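Please read the structure below before turning to the comments.
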Amino acid sequence: PNSDVEYPLHQRLDGRAEYLNLRWCAFFGGVLSLEEPHGSLPVFLRGVRSQLAPHLGESEPQPASMGAPHDTAMSSSAEPYTFSLLLRAEDAVRRSTWVRDRRRVVLLHGWLQDHASWLSTAHHLRRQYGHSVLLLDWLHHGRSETPTDPAALSPDALVRQLRSTLEHICWAGPGQPSRLTIGGCSLGGAVAMMYTNLYPQDVDRLVLVAPAGFNEPWYRVITHAGRFSANALIRSTRCWLGKTLHSAWLLRLLGHAHLISDTPRYGNLEAWFDTPTARLKPILLVTAAFDELHRADAHVRCREEDPLFRTRTILVNHSLLCSHLAWLRLDRDPSAWHELNDADLPVRSQRGTRGARMLTVKSDTATPSGSGHVTPRSR
């Protein structure tokens, strides 16, 4: 837009509020407030705008045209709003690199993250291979709302949210053939494993990045301290929560406490990699060499000789690995997302294979008939 144009005050404040909510408030789980259909807008900026507009000669927009704001933590609706983003392959330009085994990919973010952590990988998967990719924000994260009761937040609730979203877009349910590839980071990895336990017929393969869902030894101080602190906060507010607590940010804090009250196991099956369901799935496990929270690589000894199980180790800690998923370029590992076929190999490799077969046929025909061996030259 033309820089000489002076926009009204309320428009400038709306734009700044939207930027702050998307960049910062999502980190703390949920936006400060929600307007429909114009997105998020903090309540305190609406107050500033209404106070300054008359003095600056600007007319304040009417609530009927802008939509009445309400706090997501205080939403009165029975079912909180959940945000999801579907990148359909049908909406993209078809490329020669698209594979025949086009998949439906679901990417799940971790705690205190949102769908944007996987967004770059999702774009690459659709552009390079022709996969349709689903991204979502967990309850209490990103653009999804917060339940009225913080105790409703749990890993089981996230599994139900995932199932409901898949059924809504017709990727799961009766009569819906599903060959899902699920990628999960940290908490998202634990939810991916729990979902696979409940619906093994819908999941074909898994990509797990520093996943939670396993017991950690006692010296993992940060992990156990987080669980103890969350449970202490829940117990201390249980008796007076409904009487004196009216702060939205404290309700959000309680929601996060309920969500991680069972960390690092999150209700997942013990020794999940050794379960019959996990042994049937191709799995790529990406771990951090200096992970201070979740060491899933300590539970892979049972799959060392399994060709369906692959591991990668990155020389970073847990926070850096989960916050820089785009830098991993997991999309460059095609076997992690779909089954490789001969038709999906590069043209140069196909020509080389075809030429090798032709040379073998010629050498076999040159061998004298009746000889029961192949000469070293023909071999």
Largest first and in whole Å, give the semi-axes of segment 177-334's equivalent ellipsoid, each being the square root of 5 times a Cα gyration tensor eigenvalue.
-> 31, 18, 15
Please report, in whole Å, how far the alpha carbons of segment 147-235 spread along each principal axis, starting with the longest.
-> 45, 31, 16
What is the packing order of peptides 227-238, 323-334, taking the mean over residues of other C-beta atoms within 10 Å and listing the highest first?
-> 323-334, 227-238
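Apply 1/(1 + (r/R0)^6) to the Cβ-Cβ distance of Q176 and D91, taking R0 = 22 Å, and write down the FRET efficiency to the nearest 0.05. Write down the numbers at each step before the final one.
Working: r = 20 Å, r/R0 = 0.91.
It comes to 0.65.
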Kindly provide log₁₀ I(q)/I(0) values, in the same order as q = 0.14, 0.23 Å⁻¹, from the Debye equation applied to equal alpha-carbon scatterers of segment 193-234.
-> -0.53, -0.84
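Could you work out how much longer the chain between W249 and W327 gets when fully extended? Use 0.36 nm per residue separation minus the Cα distance between them, nm to one decimal. Each step should come with its number before you reach the end.
Numbers: separation 78, 0.36 × 78 = 28.08 nm, distance 3.24 nm.
Taking W249 through W327 to full extension adds about 24.8 nm, to one decimal.
Specify whether the C-alpha gyration tensor of segment 105-201 places it in the rounded, prolate or oblate class, a ≥ b ≥ c being the square roots of the eigenvalues: rounded for a/c under 1.5, otherwise prolate if a/b is larger than b/c and oblate if not. Intermediate results must be reported in sequence, preceding the final value.
On the way: a/c = 1.80, a/b = 1.23, b/c = 1.47.
The shape class here is oblate.
Give the shape of segment 229-320 as rounded, prolate or oblate, defined through the alpha-carbon gyration tensor: a ≥ b ≥ c are the square roots of its eigenvalues, a/c under 1.5 means rounded, and otherwise the shape is prolate if a/b is larger than b/c and oblate if not. List each step's numbers first, then the result.
Numbers: a/c = 3.76, a/b = 2.35, b/c = 1.60.
The shape class here is prolate.
Any read-out appearing in this document is the output of simple, stated calculations on the displayed coordinates, not a laboratory observation. Bear in mind that the values here come from a model prediction, so they are computed numbers and not experimental data. Methodologically, a virtual Cβ is constructed for each residue, glycine included, from the backbone with ideal geometry; neighbour enumeration extends over all protein chains shown.
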